[in-house]
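To start, the structure under review is shown below, and the notes come after it.
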Amino acid sequence: MLAKRSILARLLAVAMAGCVLMAPTGPAVAKATNDPQPYVKYYVVAAQYQGQPESLTAIARRFLGSGERSAEIYHLNTGRVQPDGSRLTDPGRLKAGWQLVLPWDAAGEGVKYGQLPTGRRPTPSARPSGAAGPTPDAVSPSPNPSPTRTGGSPRPGATGPKCTATTGSSSRSDWAQLRMAADSAWTLTRGNGVKVAVVDTGVDASVQQLSGRVAVGADVTVGNGRGDTDCLGSGTAMAGIIAGDSSVDGSPVGIAPDATILPVRVVRGSGAARAADAANAIEVAVSAGASVVAVGSHVDLGDPAVASSVATALDHDVLLVVGAPTKAMTPPSPAGRSGGGALLFTGGVGAGDQLAEQYVEGAVEVVAPGVDVASLGVGGGRAVSNTGTEFAVAFVAGQAALIRAAQPDLTAAQVKERIRSTADAIGAAPDAKYGSGMINPAASVSVAVDDRNQVASQQEGNTGAALAVILGIALLCGVGVVFGLRLRRRRFAG
């Protein structure tokens, strides 16, 4: 009897010890390590360089030999907390004292090698001779302004065939192209063979960065006119975002530089397109073979004639990318039952995720850059900066061209689903303001749509396994308690 009690006591001790050792004591926390910081090449931003504010493009040109490599610097530093507590979000707005990690082959005066300084604010890199001294305006960037429509949808001042080209602001920021990082997708696809219609103000085919990739198109405002000229500029800017190439050094590059642009002009000198012209333009785009249609802000989808034209277009395998509505409306649906087309409502955002416009809550399906966006101006001049939902539409249309070129067997509805499912969530997903989130061109052509669901399933599986372990521990502890109580009763009884 004593031997049996001794065995039970030992079992009880083992069970209780197992409970103590195996029971979780709190949430799992990664063990802190004291690994030293790696040695890197870096540059401490100066207030000015040769009289101009610092920018990633200028820094890349100075230390890497090409402004196009600014994307590499952006990706190395985005999200890192700088000495002043802020983060890099806009490559055109840098603060003096920021520490920028550089690619391994960076070279030039001001490039340093070692561990990034910590603690005190570092001294900005020494300025070469002739560089202007710092000024307060160059040190602190202006806060994000309230989004305004600039250039993309100007208030036209001409009404006849002779029109004055209106462009956006000449101050340029490449944050949008860098954040999209479309070049990461170009090893798989550049949009070759895909025709993207731009239903807006026409497109200036003489711009070098669009040379050879702009079709004659149509001008529905005059009947049989051409669409490959532009008076107002927003259509050319949209085309540049979709398919601009790097033939001019330092110019912004489009998302799908090998795609073909089909320009369809719906306005010449008025702010809004006539309903009949807008409806006709969409039909022309579809009948001309466009598989992606980017609809500019001059088109009112709420008009019954336009909605009817969109419904007819949805009967074809066409993806229509449109701006999210700013007032309540009933979305058009396919006119027939065999429609393979899709309609994608897009919102515009800035570098800080501020909305370009006040959209109807819940109407936005995805967002893309639409505030302070660099693109091409009419006449082939330098790049201009624009704000408006139509530019976000252009980014999404370029992404759709990449997908349609990489996976031509997908339907328009499947292309839309791929764009949504690979977007980077902003807040909850879907979010009432941002929908599925910011588009991700590279992920949309390289990631299997089911992969993200698999990640969620794995997380659920891990949670289930953890729950099973916890239940096992609880059962073991319960058995130990029962044995303990029985042992105590026998002792008292004895």
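Suppose we filter VAL371, VAL393, VAL367 for residues that are within 27 Å of PRO91 (Cα to Cα) and under 11 Å from the mean Cα position of the chain (by Cα); which single one remains?
So the residue among VAL371, VAL393, VAL367 that is within 27 Å of PRO91 (Cα to Cα) and under 11 Å from the mean Cα position of the chain (by Cα) is VAL367.
Restricted to segment 350-386, and to residues that are among the hydroxyl-bearing types (Ser, Thr, Tyr) and out of contact with any Asp or Glu (no Cβ under 6 Å at 6 or more places or on another chain), which residue is surrounded by the most Cβ atoms within 10 Å (Cβ to Cβ)?
Once the filter is applied, the top-ranked residue is SER375.
Report yes if ALA423 is in contact (Cβ under 8 Å) with a residue 24 or more places away in the chain and surrounded by fewer than 23 Cβ atoms within 10 Å (Cβ to Cβ), otherwise no.
So ALA423 does not fit the description; no.
Among the residues that make up segment 316-325, is at least one of them in contact (Cβ under 8 Å) with a residue 24 or more places away in the chain and out of contact with any strand residue (DSSP E or B) (no Cβ under 8 Å at 6 or more places or on another chain)?
yes
Output the residues belonging to segment 213-257 that are under 15 Å from ALA181 (Cα atoms) and either of a type in the set (A, V, I, L, M, F, W, C) or touching a strand residue (DSSP E or B) at 6+ places or on another chain (Cβ under 6 Å) (or both).
ILE241, ILE242, ALA243, PRO252, VAL253, ILE255, ALA256
So which residues in segment 290-315 are more than 15 Å from THR346 (Cβ to Cβ) and buried (at least 18 other Cβ atoms within 10 Å of the Cβ), if there are any at all?
Correct list: ALA290, SER291, HIS298, ASP303, VAL306, ALA307, SER309, ALA311, THR312, ALA313, LEU314.
So which residues in segment 201-224 are not in a loop (DSSP other than H, G, I, E, B) and not acidic (Asp, Glu), if there are any at all?
GLN208, GLN209, LEU210, VAL214, ALA218
If we keep just the residues of segment 327-349 that are under 18 Å from ASP303 (Cα atoms) and at pLDDT 95 or above, which is surrounded by the fewest Cβ atoms within 10 Å (Cβ to Cβ)?
Top of the filtered list is PHE345.
Is one or more of the residues making up segment 213-231 closer than 15 Å to LEU376 by Cβ, small (Gly, Ala, Ser) and out of contact with any Phe, Trp or Tyr (no Cβ under 8 Å at 6 or more places or on another chain)?
Looking through segment 213-231, none of the residues is closer than 15 Å to LEU376 by Cβ, small (Gly, Ala, Ser) and out of contact with any Phe, Trp or Tyr (no Cβ under 8 Å at 6 or more places or on another chain).
Filter segment 41-76 down to the residues that are more than 23 Å from the chain's Cα centre (by Cα) and of a type in the set (Lys, Arg), then identify the one that is farthest from SER173 (Cα to Cα).
LYS41
Looking at segment 332-354, which of the residues that are part of a loop (DSSP other than H, G, I, E, B) and aliphatic (A, V, I, L, M) is farthest from ALA275 (Cα to Cα)?
For segment 332-354, the residue satisfying everything is ALA351.
Checking the structure you have, find out if any residue of segment 279-293 is within 26 Å of PRO369 (Cα to Cα), in contact (Cβ under 8 Å) with a residue 24 or more places away in the chain and charged (D, E, K, R).
no
Which of the residues that make up segment 17-44 are in contact with a helix residue (DSSP H, G or I) (Cβ under 8 Å, 6 or more places away or on another chain) and modelled with pLDDT of 50 or more?
Matches in segment 17-44: GLY18, TYR43.
Of the residues GLN358, GLN407, GLN354, which single one is out of contact with any strand residue (DSSP E or B) (no Cβ under 7 Å at 6 or more places or on another chain) and closer than 19 Å to THR189 by Cβ?
Answer to the check: GLN407.
The values are calculated or read from the model by the stated rules, or taken from the named source; none is laboratory data. Computed from a predicted structure; not experimentally measured. Virtual Cβ from ideal backbone geometry, glycine too; neighbours counted across all protein chains shown.
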